[in-house]
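Report on the following structure.
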Amino acid sequence: MQPPFSIAHQGLTWARYYNDSKYSLPTQQIQHATPNSWFRPGLGQVYLNVDGAVNLSTEIGSIGGLIRDNEGNWIMGFKQILGSTSIFNAELWAIYTGLKLAWDNSFERIILQSDCLKAATTIHESNAEYNPNSLVRAIKSFSRKC
């Protein structure tokens, strides 16, 4: 059975542009940040771009993400402050929160983009459903919903 989402490692941190609504970026900055390698998803698919970050001095994490349609248009997004966490867990929280948002809004065919290669490989390990990290197990459970 094909999972309802695929994950791609991408070095662009989309959520950094979306994360803090107190700062508004000029449109040209956001457009300039769009990767040259963006490919249009198939009909019925959406892109979910997520990112997690941790302030190294306070260890406070935050996450953000956005869902785009097959034209690249913003559909919806999220941001959240996590509290004290690790960078890896912040990335996992971003993935989990984004997938939950997409699933709750009836998006079942998702192309997930994250800048965390470790999270992507951990989720796709054959034994991820037995991983000691509950976030990895929760993310893996999304693939069993279809």
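Within the stretch 88-115, list the residues whose amide N lies under 13 Å from a label point set 7 Å along Cα→Cβ of Gln45. Within reach of a label on Gln45: 108-113. For the pair Arg137 and Met76 in one chain, pulling the backbone fully straight at 0.36 nm per residue adds 19.5 nm over the alpha carbon distance.
Here the extension length gained between Ser57 and Glu129 equals 22.6 nm, from 0.36 nm per residue of separation less the Cα-Cα distance.
For Gln45, what charge total do you get from the other residues with a beta carbon under 13 Å from its beta carbon, if Lys and Arg give +1 and Asp and Glu give -1?
Numbers: positive: Arg40, Arg68, Arg109; negative: Asp69, Glu71, Glu108.
It works out to a net charge of 0.
Just to confirm the filter: which chymotrypsin sites (Phe, Trp or Tyr not before Pro) across the stretch 35-94 are DSSP coil and have at most 11 other Cβ within 10 angstrom of their Cβ? Qualifying residues, ordered by number: Phe39.
All of the numbers you see were taken from the coordinates with simple rules; none came from a lab. Nothing here was measured: the structure is a model prediction, and the numbers come from that model. Glycine also receives a Cβ, built like all others from the backbone with ideal geometry; neighbour counts cover every protein chain displayed.
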